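Structure, as structure tokens:
No lab work stands behind these numbers, since they all come straight from the coordinates. Treat the numbers as computed from the prediction; the structure is a model and nothing was measured. All Cβ positions, even for glycine, are placed from backbone atoms using ideal geometry, and neighbour counts span all protein chains on display.
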Amino acid sequence: MKKITCLLSAAILLSGCSTLKLTEGGEKIRILDPNEVSSCKNLGRTNTAVTAKVIFERPADAVAKELTTVARNSAARMGGDTIVPLTVIENGQQTFVVYKCINPDG
């Protein structure tokens, strides 16, 4: 009986987790390295955060992918076309710099 209760609880918890989706604008955002954005216009920073632990630590690659998705969606809302990671991932949080590289003066 305890096993069934544990399995049902886990299923309910996991079914409540939603997968982040890229917006139409977010799909157009590139991820570059700092040395590739020297001629781009810096539009600012976006701080991203996702849940890194649900009963147990989530896989690092899943957390990283979700943080990038949030950053790309945010960059699109800011009018950017490129993001560059500024910090490493820590406790499900990461900061990105948002740039406009395609026609930066337009």
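Residue farthest toward the positive end of the dipole of the range 22-100, with Cβ of Lys/Arg at +1 and Asp/Glu at -1: which of I55, G26, P85?
The residue sitting farthest along the positive end of the dipole is G26.
Work through the residues other than C40 whose Cβ is under 13 Å from its Cβ and net out their charges, Lys, Arg +1 and Asp, Glu -1. Provide the component values of the computation, followed by the final result.
Numbers: positive: R30, K41, K100; negative: D33, E36, D81, D105.
Residues near C40 contribute -1 overall.
Relative contact order for the range 60-106 using alpha-carbon pairs under 8 Å, separation at least 6, rounded to a whole percent? Can you show the working numbers first?
Numbers: 50 pairs, mean separation 15.4, N = 47.
Taking the mean separation of contacting Cα pairs over the length of the range 60-106, I get 33 percent.
Taking Rh as the Kirkwood radius computed over C-alpha pairs, what is the Stokes-Einstein D of the range 22-100 at 20 °C in a medium of viscosity 1.002 mPa s, expressed in µm² per second? Please list the in-between numbers first.
Values: Rh = 12.6 Å.
D = 170 µm²/s.
In what sequence, highest mean first, do 61-70, 29-38 appear when ranked by Cβ atoms within 10 angstrom?
Working: 61-70: 17.1, 29-38: 13.4.
Answer by packing, highest mean first, reads 61-70, 29-38.
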